[in-house]
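*Asks:* Sharing a structure, written as structure tokens. Questions coming.
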Amino acid sequence: MAAGGALWLSVILVLALLGEMGLPFTTCPIIESLLVFTGFQLVHDAVFVAVLPFLAVAYAGRLIGSTSAYKLSERVGGRFVQRYGGPPPHYPGEGRHAQGTPLTCAGAHNLPG
């Protein structure tokens, strides 16, 4: 892979990661346009190996971004709400916390329903 290709793949990774974390950048139109263009290339007899790095990096960026957002909100969210938003509402079963792993985050994010 050429140095320019690695640079653009790293840009795609960062854009997908930031877009998935919800940062206010206009990453979605860029990523979505590139995905449409990649699909167009596949339909018109492009080599699948040529577009596989882009698809893998875009998916990895989205996966890392969603896992990072989940872990950040898990660690900081409760303290932030208690400090600035008042106490959280009480609910039945208080005291039990769900333990999520990156694999369960990825499954929950990517499965429909």
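*Asks:* Can you compute 3J(HN,Hα) from phi for each residue in the range 14-23, using the Karplus curve 6.51 cos²θ - 1.76 cosθ + 1.60 with θ = phi - 60°, rounded to whole Hz and x for Gly and Pro?
*Replies:* 5, 5, 5, 5, 5, x, 6, 6, x, 6
*Asks:* Okay, moving on. For the pair Leu7/Phe48, report the inter-label distance in nm, with labels modelled 7 Å from Cα in the Cβ direction.
*Replies:* 3.1
Throughout, read-outs are computed from the coordinates displayed, never taken from laboratory work. All values derive from a computational prediction rather than experimental measurement. Heads up, the Cβs are rebuilt from the backbone with ideal geometry, glycines too, and the neighbour counts pull from every protein chain shown.
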